Amino acid sequence: MNVHVGLNVVDLEKSIEFYTKVFGENPVKTKEDYAKYLPNGLQLNFTLNVRPEVSGNQVGHFGIQVEKQEDITHHKQRLERFGFFTRDEMNTNCCYALQDKFWITDPDGNEWEFFYTKKDAEKDNIEQKCC
């Protein structure tokens, strides 16, 4: 089975440029108003995150969970070479886990986290909106 995320974007060209760099590959299909990616080797970690208020159709963020801690450094450096601003969160307690991660933002303001889970944690950092 595959997880499907249909993301609404304003500028298709800018979004294709952004996601081609993020995924490291071109879309498998493009039309005037559409682009489709099937990233090789990507496993999606999809979460439901409780918040005090939710209204309408909203997404907190998207994330890519990497298998090895050194993958965080690899992807961070790779995306910074493209000129993306990255925001680090190392040794952070988030989503009931100790994680190393960094964040980037797409052209429409959607946040993406690349994260490595070091170990489970008994508590979540409720002051931090990380998950």
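Quick notes
- Selection count, region 43-68, where residues are at pLDDT 55 or above and surrounded by 13 or more Cβ atoms within 10 Å (Cβ to Cβ): 7
- Of all residues in region 78-123, those being of a type in the set (D, E) and touching a His at 6+ places or on another chain (Cβ under 7 Å) number 2.
- Subset of region 89-102 [surrounded by fewer than 19 Cβ atoms within 10 Å (Cβ to Cβ) and in a strand (DSSP E or B)]: E89, M90, N91, T92, N93, A97, L98
- Lone unmet requirement of (1) under 19 Å from K21 (Cβ atoms); (2) among the charged types (D, E, K, R); (3) in contact with a strand residue (DSSP E or B) (Cβ under 6 Å, 6 or more places away or on another chain) for R81: (3)
- Test result for V10, at pLDDT below 60 and of a type in the set (A, V, I, L, M): no
- Taking region 108-124 as the range and being assigned to a loop (DSSP other than H, G, I, E, B) and not aliphatic (A, V, I, L, M) as the test, the residues that pass are D108, G109, N110, E122, K123, D124.
The values are calculated or read from the model by the stated rules, or taken from the named source; none is laboratory data. Keep in mind it's a predicted model, so treat the numbers as computed, not measured. Using ideal geometry, Cβ is built from the backbone for each residue, glycine included, and neighbour counts are taken over all protein chains shown.
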